[in-house]
Amino acid sequence: MTAELRSVVDGRTMVLTIHNPEHRNALGPEMYAAGVEALNVAESNPEVRCVVIRGEGTVFCAGGNLQRLQANRQKPPEVQAQSIENLHTWIEAIRSFPKPVIAAVEGPAAGAGFSLALACDLIVAARNAVFVMAYSGVALSPDGGGSWSLSRALPRQLVTELLMAGERIGAQRLHELGVVNRLCDAGAALDTALGWSEQLADRASNVLASIKELVGEAGQHGLPEHLAMERDHFVRNLHHANGGIGIAAFLAKDKPRYQ
């Protein structure tokens, strides 16, 4: 069965499904370019306001395909380096994508699957979902931005434990730590994520893009530079048509209908 990333539009949300059930939805090179292309399509379509990433069935993503990685050991190092570069291009595309991206996690999210979920803006997880940075268990180090994302979200000692020990951590614990946003019953992650994405779709898309950019840049500059960014975004959004729509609707006690 061919490993692929499937794309479908559900209402105002594009749903990307990691489909590789034979290998527990392991990622592969064929998915990375498809992921970037899907985000390009979603960005250019004003009807698509959010993206949800999920895995087929009861597994989010098992990370890399170890059989493929073993085969790549017999090839020049540049082969694996290029594969990781392609993965990282997708990760960067998710981070720079101007619309909300929600991970809908059922079951295991391991290795690069965990990194992929962390790259999303928001995480919805079934209560029985488990996350693991499985790299050290097979003598590998992280990719997909996992060490970067965790280091921004958690204390250094806990990040070091997760990466070095490679032990599973449950969705409930990550929810308590603020990494998982919302918990749901098993089998309900997609519906929960779609419901949330529809709520976000009612917000002004230009403002959501500003918030995503500001959060992504936080900590990359000093406070004066970040304050300047906030000023510029605020003024631009105030003078955007949606700014007028939002303020007028609030004053009139009406529901805004943004462009």
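I need the trypsin sites (Lys or Arg not before Pro) found in the range 207-259, filtered to DSSP loop residues with at most 10 other beta carbons within 10 Å of theirs.
Within the range 207-259, the qualifying trypsin sites (Lys or Arg not before Pro) (loop, at most 10 other Cβ atoms within 10 Å) are K253, R257.
Whenever you get a sec, compute what percent of the accessible area on the chain sits on carbon and sulfur atoms (1.4 Å probe).
55
Over the chain, what is the relative contact order in percent, taking alpha-carbon pairs closer than 8 angstrom and at least six residues apart?
Relative CO of the chain lands at 17 percent.
Whole-Hz ³J(HN,Hα) for each residue in the range 142-149, computed from phi via Karplus 6.51 cos²θ - 1.76 cosθ + 1.60 with θ = phi - 60°, x for glycine and proline: what do you get?
Taking θ as phi minus 60°, the curve returns x, 9, x, x, x, 5, 5, 5 Hz for the range 142-149.
Out of the DSSP beta bridges found with both residues in the chain, what percent are antiparallel (nearest 5)?
Taking every DSSP beta bridge with both residues in the chain, the antiparallel ones total about 30 percent.
Rounded, prolate or oblate: pick one for the range 5-58, where a ≥ b ≥ c are the square roots of the eigenvalues of its C-alpha gyration tensor, a/c under 1.5 means rounded, and failing that, prolate if a/b is larger than b/c, else oblate.
The shape class here is oblate.
Can you give the helix-only mean residue ellipticity at 222 nm for the chain, where every DSSP H stretch with n ≥ 4 adds -39500 (n - 2.57) and the sum goes over all residues, rounded to the nearest 500 deg cm²/dmol?
The helix-only estimate for the chain comes to -15500 deg cm²/dmol at 222 nm.
Quick one: net charge of R236's neighbours, Cβ under 14 Å, K/R +1, D/E -1?
-2
So, R0 is 35 Å and r is the distance between the beta-carbons of S136 and S44; what FRET efficiency does that work out to, to 0.05?
0.30
Considering the dipole of the chain built from charges on the beta carbon (Lys and Arg +1, Asp and Glu -1) around the Cα centre, which of V124, G144, T17 is farthest to its positive end?
So the residue furthest toward the plus end is V124.
Count charges around E30 for me, please; just the other residues with Cβ under 13 Å from its Cβ, Lys/Arg as +1, Asp/Glu as -1.
My count for the surroundings of E30 gives 0.
Report the rotationally averaged projected area of the chain based on its alpha-carbon convex hull, in square nanometres.
Averaged projected area of the chain's Cα convex hull equals 15.1 nm².
How much net charge surrounds I169 when only other residues with a Cβ under 11 Å from its Cβ are counted (Lys, Arg +1; Asp, Glu -1)?
Charge balance near I169 sits at -1.
How much length is gained on full extension from I211 to K75, taking 0.36 nm per residue of separation minus their Cα-Cα distance?
44.7 nm
Can you tell me how much longer the chain between S151 and D254 gets when fully stretched, taken as 0.36 nm per residue apart minus their C-alpha distance, in nm with one decimal?
Gain in length upon complete extension: 32.9 nm.
From the phi of every residue in the range 106-115, what ³J(HN,Hα) in whole Hz does the Karplus formula 6.51 cos²θ - 1.76 cosθ + 1.60 yield, where θ is phi - 60° and glycine or proline is x?
10, x, x, 10, 10, x, 5, x, 5, 4
GNM, the chain, Cα, under 10 Å: largest mean-square fluctuation among I18, I211, I53?
The residue that fluctuates most here is I211.
Taking the Cα centre of the chain as origin, work out the dipole magnitude from +1 charges on Lys and Arg Cβ and -1 charges on Asp and Glu Cβ, in debye rounded to 20.
With Lys and Arg at +1 and Asp and Glu at -1, about 340 debye.
Roughly how many Å is it from the Cα centre of the range 83-103 to that of the range 10-26, as a whole number?
Their Cα centres are 15 Å away from one another.
If you restrict to DSSP beta bridges whose two residues both lie in the range 108-259, what percentage is antiparallel, to the nearest 5?
Close to 25 percent.
What list of ³J(HN,Hα) couplings, whole Hz, do you get for the range 218-227 from phi and the Karplus terms 6.51, -1.76, 1.60, once you set θ to phi - 60° and write x for glycine and proline?
4, x, 7, 10, x, 4, x, 5, 6, 4
May I ask you to give the solvent-accessible area per residue for the chain, in square angstrom, as obtained with a 1.4 angstrom probe?
The answer is 52 Å² per residue.
Dipole size in debye (nearest 20) for the range 1-129 around its Cα centre, Lys and Arg Cβ +1, Asp and Glu Cβ -1?
For the range 1-129, the charge dipole is close to 280 debye.
Output the Cα-based Rg and Dmax of the range 1-146 in Å, rounding Rg to one decimal and Dmax to a whole number.
14.6, 46
The values are calculated or read from the model by the stated rules, or taken from the named source; none is laboratory data. Model, not experiment: these values are computed from the prediction. A quick note on method: Cβ atoms are made from the backbone with ideal geometry, for glycine too, and the neighbour counts reach across all protein chains shown. These area figures cover heavy atoms from the full protein model, side chains too; ligands, DNA and RNA do not enter into them. Shrake-Rupley method; radii C 1.70, N 1.55, O 1.52, S 1.80 Å.
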